[in-house]
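Here is the structure we will look at, set down as structure tokens.
The values are calculated or read from the model by the stated rules, or taken from the named source; none is laboratory data. Keep in mind it's a predicted model, so treat the numbers as computed, not measured. Ideal geometry is used to build each Cβ from the backbone, glycine not excepted, and the neighbour counts take in all protein chains shown.
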Amino acid sequence: MIRGLYTSASSMMARRTVQEVVTNNLANLNTVGYKRDRVAFRNILDAQNLVGDDETGQGVEYIETDFSGGQFKQTDNPLDFALEGKGFFVVQNGDDRLYTRNGNFKLGTEGELLTVNGYQVMGEDGPIILRENEIIVDKQGAISSDGITIGKLLIVNFGQPNLLKKAGNNFFTRPKTVQEPNLIDTPIKQGSLEDSNVNPLEEMVNLIMISRDYSQNQKLIQTQDSTLQKAVNDLGRI
């Protein structure tokens, strides 16, 4: 009986974790380049395994990021870029190197190419400095103005991108246990942005299922609690 209570309570805690992930996905539905998260659960055959091995008591194996591509939208802004395949833009914030799929950039006061947060966008030879507003970026990321190449966007990828950590504001960081990224030849689309890969219909269905599972486990706990209370009272009369 106690094990049944624990199993139902653990399931409710797990559903709460999933709800937080799904809600965050929906909140970023219109965030440029956002990659949705999803929860993976352990295969648990007995509640006792959960008690012994899982400190959280939820059965959550891990939360992973889905790096599948989003749809492209045309903006005609020459400082907007979308990656048409795998990889990340590289930006610098002080001593921190960050990675993102959000190619919505702007021009700094000294001609530097910046993210909307003010971080420097990196090229293969260092921070990108634009001498002219009128620029052309080809499919390979080479930046030219008046027919002169002035730099190339630094695009990298990881052997295991799922090991990257989200750092907020649609940026990722590389843990020390993850190998340095490699240069990658991913086609770049100037004047376009990549939408998030969140499927609102799928996430809404997930929310409905979470709500039903949560309610069912609540009822199970109430039933088991009532049965346990009756058993204790009956034993007290013997």
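Of the conditions (1) closer than 18 Å to ASN206 by Cβ; (2) modelled with pLDDT of 60 or more, ASN30 satisfies every one except a single condition; which number is it?
That leaves (1) as the condition not met.
Residue check: is GLY191 at pLDDT 95 or above and surrounded by fewer than 16 Cβ atoms within 10 Å (Cβ to Cβ)?
Against the criterion (at pLDDT 95 or above and surrounded by fewer than 16 Cβ atoms within 10 Å (Cβ to Cβ)), GLY191 qualifies.
Which one of the conditions (1) modelled with pLDDT under 80; (2) assigned to a loop (DSSP other than H, G, I, E, B) does LEU50 fail to meet, given that it meets all the rest?
(2)
Within segment 134-154, restricting attention to residues that are hydroxyl-bearing (Ser, Thr, Tyr) and surrounded by 12 or more Cβ atoms within 10 Å (Cβ to Cβ), which residue is farthest from GLU124 (Cα to Cα)?
SER145
Select from segment 137-156 the residues that are outside any strand (DSSP E or B) and closer than 15 Å to GLU84 by Cβ and list them in ascending order.
Those that are outside any strand (DSSP E or B) and closer than 15 Å to GLU84 by Cβ: ASP138, LYS139, GLN140, GLY141.
Restricting attention to segment 192-203, does a residue exist that is over 27 Å from GLY111 (Cβ atoms) and hydrophobic (A, V, I, L, M, F, W, C)?
Yes, there is a match, as at least one residue in segment 192-203 is over 27 Å from GLY111 (Cβ atoms) and hydrophobic (A, V, I, L, M, F, W, C).
Could you check segment 60-132 for strands (runs of 3 or more DSSP E) lying wholly inside it with 3 or more residues that are farther than 25 Å from LYS165 by Cβ and touching a residue at least 24 places away in the same chain (Cβ under 8 Å)?
72-74
Given the conditions (1) outside any strand (DSSP E or B); (2) more than 21 Å from GLY87 (Cα to Cα), which single one is not true for ASN162?
(2)
Could you identify the single residue in ILE136, ILE148 that is modelled with pLDDT under 95, of a type outside the set (Ser, Thr, Tyr) and more than 24 Å from THR75 (Cβ to Cβ)?
ILE148
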